[in-house]
Amino acid sequence: MRLRKRRETAAPAPQHDAHAIELHGIQRRYGRGRTAVHALRGIDLALPRGSFTAVMGPSGCGKSTFLQCAAGLDRPTAGSVRLGGTEITGMSENKLTALRRARLGFVFQSFNLLPSLTVEQNVLLPMRLAGARPDRHRAREVLAQVGLGEQTRRRPGELSGGQQQRVAIA
């Protein structure tokens, strides 16, 4: 996909951006020289706020690399990424971490739940890491929304893969 060029105007761009994410000329190369792997070559894409997008393709085509660059989990070799109007490409790791914690949610293929914690404790952990007071009521509320209101005291290993995925979403 290619982004359409915006018309130049005399007024500065408004702070409220219509795009959830914008990628311009994103490239990601692993390694150097003849053995270098070019995972992404010049990706241009803008996704509107509130939209749903599926990223599909064969194994090894760069889907995960694309998503990691778009979310600031990996740095592109070239190009720029804007997340909700904020340029993230050159941000320090600490600022990226704070931005991801406050503005993004991830559901990884391998759920990243801590097996020694209960379902409820896994949902509360990001609140603790953000320095916020853990809100057990809110944790139970979101677990109920994903159909796991009765599973709060179980550990991830006691749940099906689909249930673990829903804990990650919560």
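The modelled label-to-label distance between Val142 and Glu87, using points 7 Å beyond Cα along the C-beta direction, is 3.2 nm. With the helix formula -39500 (n - 2.57) applied to DSSP H stretches of n ≥ 4, the chain reaches a computed 222 nm mean residue ellipticity of -8500 deg cm²/dmol. Taken over segment 47-144, the ratio of Cα radius of gyration to 2.2 N^0.38 Å equals 1.26.
Across segment 98-104, coupling constants 3J(HN,Hα) worked out from phi with the 6.51/-1.76/1.60 Karplus curve, θ = phi - 60°, read 5, 5, 4, 5, 8, 10, 10 Hz, and Gly and Pro carry x. Its Cα centre serving as origin, segment 57-170 has a Cβ charge dipole (Lys and Arg +1, Asp and Glu -1) of approximately 200 debye. Listed values for segment 82-89 are Karplus-derived 3J(HN,Hα) couplings in whole Hz (6.51 cos²θ - 1.76 cosθ + 1.60, θ = phi - 60°), namely 10, 10, x, x, 9, 6, 10, 4, and x replaces Gly and Pro. Between the helical axis of 136-145 and the longest alpha-carbon principal axis of the chain there is an angle of about 80 degrees. In units of the rule-of-thumb radius 2.2 N^0.38 Å, the chain shows an alpha carbon radius of gyration of 1.23.
A Gaussian network model of the chain, with springs between Cα atoms under 10 Å, assigns the largest mean-square fluctuation among Phe108, Phe66, Phe52 to Phe52.
Positive-end ranking of Leu23, Ser51, Gln145 along the dipole of the chain, with charges on Cβ about the Cα centre, is headed by Leu23.
For the pair segment 123-170 / segment 78-107, the C-alpha centres are spaced 25 Å from each other. The apolar share of the surface of the chain, taken as the fraction of accessible area on carbon and sulfur atoms (1.4 Å probe, ligands and nucleic acids excluded), comes to 51 percent.
Note on Thr53 and Gln109: the model spin-label points, each 7 Å out from Cα along the C-beta direction, lie 2.0 nm apart.
The values are calculated or read from the model by the stated rules, or taken from the named source; none is laboratory data. Just so it is clear, the structure is predicted and the values come from calculations on it, not from any experiment. Heads up, the Cβs are rebuilt from the backbone with ideal geometry, glycines too, and the neighbour counts pull from every protein chain shown. When the accessible area is computed, the model is the full protein with side chains, heavy atoms only, and any ligands, DNA or RNA have been set aside. Shrake-Rupley method; radii C 1.70, N 1.55, O 1.52, S 1.80 Å.
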